[in-house]
Amino acid sequence: MTSAQIAVTALGAVAIVWVLWYFLYSRGNAVASTPTAGGVQEVRVTVKGGYTPDTIVVRAGQPVRLQFYRDETADCSERVVFEEFGIDQQLPPFQTTTVEFTPEKPGEYPFRCGMSMLKGLLVVEPAGERRAAPSPHKFHGVAA
Amino acid sequence: MSKTRIVLPIEGMTCASCAATVQEALTGAAGVSSAGVNFATNKAAIEYDDGHTNVAELIKTVRAAGYNCGKASVTFGLTDLHYAPSVAPLEQSLASVPGVIRAVANQATETATVDYVPGVVTAADLEQAVTAAGFEVAEPIAAEDPIERERIARSREIRTLTWKFVLAAVVTVVAMLGSMLLMADRPMGDNGTMKQVDLLGRLLMPVAIALRDWVSGQGWVLDLDWVKWGLALVTLPVVIWSGQQFYKGTWSGLRHRTADMNTLIGVGTGTAFLYSLVATAAPGFFLRAGLPADVYYEAVTAIIALVLLGRLLEARAKGRTSEAIRRLAALRAKAAHVVRDGHETDVAVEEVVVGDLVIVKPGEKIPVDGVVTDGASAVNESMLTGEPIPVAKKPGDEVVGGTLNTTGSITFRTTRVGKETALGQIVQLVEDAQATKAPIQKLADRVAGVFVPIVIALAIASFVAWFDFGPSPEARALVYATVAFVTVLIIACPCALGLATPTAILVGTGRAAEYGILIRSGEALERLANAKTVLLDKTGTITEGSPTVTHIVTAKKPDGTPISPADVLKWAASVEQRSEHPLAQAILKAAQDKQVSLLPVEKFAAMEGRGVRGTVDRRIIEVVSLRHARERSLELGSLGADADRLAAQARSPVIVVVNNTVYAVIAISDPIKPTSKTAIAQLTRLGMPIVMVSGDSRKGAEAVAAEVGIEDVIAEVLPSQKADLVRKLQRQGKHIVMVGDGINDAPALAQADVGIAIGTGTDIAMEASDVTLIRGDLRAVFTAIELARRTMRTIRWNLIWAFGYNVLLIPIAAGALYPITGWVLSPVLASAAMAWSSLSVVLNSLTLRRFQPRWTTLVAEGS
């Protein structure tokens, strides 16, 4: 093998590893949710060629309200799927679609588009000592 | 200072106590006289004094309570706003429209931006407000409706896509000619260019040589360096404009750490273009390395042109996949003649309210759902039910919006409007179903998710492989490596994987709707295709579900003259008019049909489980069961044999006794639908075991089963036991399709693998069934199963194609054939294959549009 071949082979291997890591395993910047007066953790997500933000941090045990605004007609982003929460929601273009659920257990929950091309991650942190905002859910037990 | 009423959409309510919170907040707000919040519809109906508060305040109240109001915004152009002395009147006029939160006009841009509550404000309201303020809108306001916005966005997209393609195509022709001149200039063989040996090059070489000879024959001398620069120049706009979306997509994908189609095309053409630019600007670099300074401009433009063409054709084909639903939606009438204040007025169909009297003239569409109050006509309902024969309508009958009145004129009272109408529900149901996927797509989705990064990795790997093991010298290997890298990226087609299921479901469910079959989801479709056993309910499914008098056999008078059946019917019906038994209804209906006038009945008594008795016309009339007649040892004579014969034919005989003498046997049966027998024969031909379930006696049920050709009968099953029965069969490993009516059989339908609710007519009412048949025709079950199987077959083929294509062609693109045959694929051919691949999936799905159930062809052949 010539030195050029060795160099190209090494570079290629690095590039392959990087591509696979970058697209399949790495994560972008996280955005924490802001609780509303009602105790609902709300995050707005823009859907255009991906989810912005694509990593969302919330607290366990409190309702989460994600508002997806789909700013394109590309087929890929037509649906958003949260498999663990049994959510498979259609996102009409140029509209805000609300997805609501309450994550009970801390952990990382990936979400994706209908074709698994676009990806995002919901990070559920333990309820912690953050003071729970007053909730209107009087009859639902504010266990968190 | 007047009372105003508004309905606000509320977002974020998750439970009834949320609704209570919002309601409390609104009721307590200043100026609000009453507020009702409905959790189910997510709406708040508020009555307020518009002198004290306004919509913006109300929304603030809702927000303060921790919830949100739907808000939409629209910006529209205004003519001559520059010259207006002030925009205040315009803003005020717009803001005074109920439901408008804020209105801002901008003189510099001649536009107005309005924030409003969606669903409350219409475009027409805003236009009216603009006109009232003395201004004029530049073009109709269209953004109220997101569907409309989507349509506009799509058509604009297609238009620009077309122009981008045209530019790329024209440049491709020029670039091809140029590249052929370059190609022919070099001798073939070891010092030849790689382009001469790839698959496209082999085809084009003779043409290229002919072109070169023609050019030199004209006495023209070409400086090939200038040809390259020329090609670079014409390719630039294609890359910058036509191919823009690929590079933008690549960039946005990189930022989001996602990779899709755009990444592949973007990186592929980008590499080819940059490589060519270097070869054009610094050919010495290549030549010193003993390398032909080839350029690949024609590949760049051809790839962009072909991929754009593929997308264009795909967009058009995909438009056709949802044609069925558009045709359904287009059935809606636009206007209606409504009687208001005693006058007939024409109003838009949106303004018709429940309770309105609507007049429909011959040849007109029925605008909304209702019940006929006056007139008679025949209505063609084929567009909804598939039933070709017009249905007679008289007062009391239901009419359905979207159907066509034929000859007569009718007046009806509106019962449902808008989305509540049968048509509205059908459209909604089909649209919802079309948005779902079949479970079979799961694998494809999983693959699609990791597909692009893996393809990029493969492309890099093939680059390395060519570089290390490709033809010597090393510099030559670099060219092969680069071409292989680009070709692998271009040929990979993740779109075919993603389109395989959704397009087929779109077409399949749409086609089903045209046959009056509403399939709830892709999953229901898949289960229907896989079902193995059909369970049919008897009453209302195989039979009409309404008992009818079929025979009246009378005894002879002592003098030998027969007793008149009309008299028997008159007496029996007169007694039965006080009874509520289903058999009594059949006798009454027969009397009504025969126009027999009923007599008053005295001393009426119902004998529990045995029959009824009463005095009519000074005679004691009894209508009793056969068993009771035998128990009382009444003399039946030859009628006894008749009654037994009728009972064996699945009819219920009742005995009419006059003054303790048996006068007649009336046979009542639930007639079998005329289409049931054919339907069951067809289902049998599908190779599916058919089981009939009935609550009736074994004898009666078996008689019906024998008549329609069913061998397996489970009789004497209470409605509540049907679900258990389904469960029992399922435990034996059977995939059950249960066909029954949507109300009584609902638990069994829900328990079955696929529940088919039959003949719910126009009241689709969102039942729990997986499949709803609008018409009570059993043949639709056959059609539904066939269509489901065809759709699944189409999906399977699509997936096989999509997987097979990628598995086969990616290695070829990487150069797997080179060691054996010496073939190398050209990037141009790769892009053609890729564009064709995703298009062919859509086209394959479109073949479902021509689906016809086999029974229609059989009927056609038979007649």
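Every read-out reported here was derived from the displayed coordinates using simple, explicitly stated rules and does not represent laboratory data. Worth saying up front: this structure is predicted, and the values here are computed from it rather than measured. Using ideal geometry, Cβ is built from the backbone for each residue, glycine included, and neighbour counts are taken over all protein chains shown.
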Grab the Cα-Cα distance for B:E635 and B:E580, subtract it from 0.36 nm times how many residues apart they are, and report the gain in nm with one decimal.
17.0 nm
Within straight-line cross-link reach of B:K248, lysines at Cα separation under 20 Å, skipping those fewer than 8 residues along the same chain:
A:K48, A:K119, B:K164
For region B:492-584, what does the alpha-carbon gyration tensor say about shape, rounded, prolate or oblate, given a ≥ b ≥ c as the root eigenvalues, a/c under 1.5 as rounded, and a/b over b/c as prolate?
prolate
Counting only C-alpha contacts under 8 Å and six or more residues apart, can you give the relative contact order of region B:593-693 as a whole percent?
18
What is the distance, in nm, between label points placed 7 Å from the Cα along the Cα-to-Cβ direction at B:E608 and at B:D397?
4.2
Please work out the ratio of the alpha-carbon Rg of chain B to 2.2 N^0.38 Å and round it to two decimals.
1.30
How tilted is helix B:722-731 with respect to the longest principal axis of chain B? Cα atoms for both, answer in degrees (0 to 90, nearest 10).
50
Once you've got the Cα coordinates, tell me which of B:K538/B:K589; B:K393/B:K570; B:K393/B:K589 are over 26 Å apart.
B:K393/B:K570
Output the antiparallel fraction of DSSP beta bridges having both residues in region A:29-125, as a percent to the nearest 5.
60
What full-extension length gain, to one decimal in nm, is calculated for B:D49 and B:A681 as 0.36 nm per residue of separation minus the Cα-Cα distance?
220.8 nm
Mean separation of Cα contacts under 8 Å (6+ apart) over length of chain B, as relative contact order %
11
About the Cα centre of region B:650-745, how large is the charge dipole given +1 on each Lys and Arg Cβ and -1 on each Asp and Glu Cβ? Please answer in debye to the nearest 20.
240
Quick shape check on region B:546-670: root eigenvalues a ≥ b ≥ c of the Cα gyration tensor, a/c under 1.5 is rounded, otherwise prolate if a/b tops b/c, else oblate, and it reads rounded
With each run of n ≥ 4 DSSP H residues scored as -39500 (n - 2.57), what mean residue ellipticity at 222 nm is computed for chain B after dividing by its residue count and rounding to the nearest 500 deg cm²/dmol?
-16000 deg cm²/dmol
Relative contact order of region B:621-742, please, whole-number percent, based on alpha carbon pairs below 8 angstrom and at least 6 residues apart.
19
Estimated inter-spin distance, B:A648 and B:F803, nm [label 7 Å along Cα→Cβ]:
5.8
How many Cβ atoms of partner chains, on average, are near each residue of B:447-456 if near means within 10 Å of its Cβ?
5
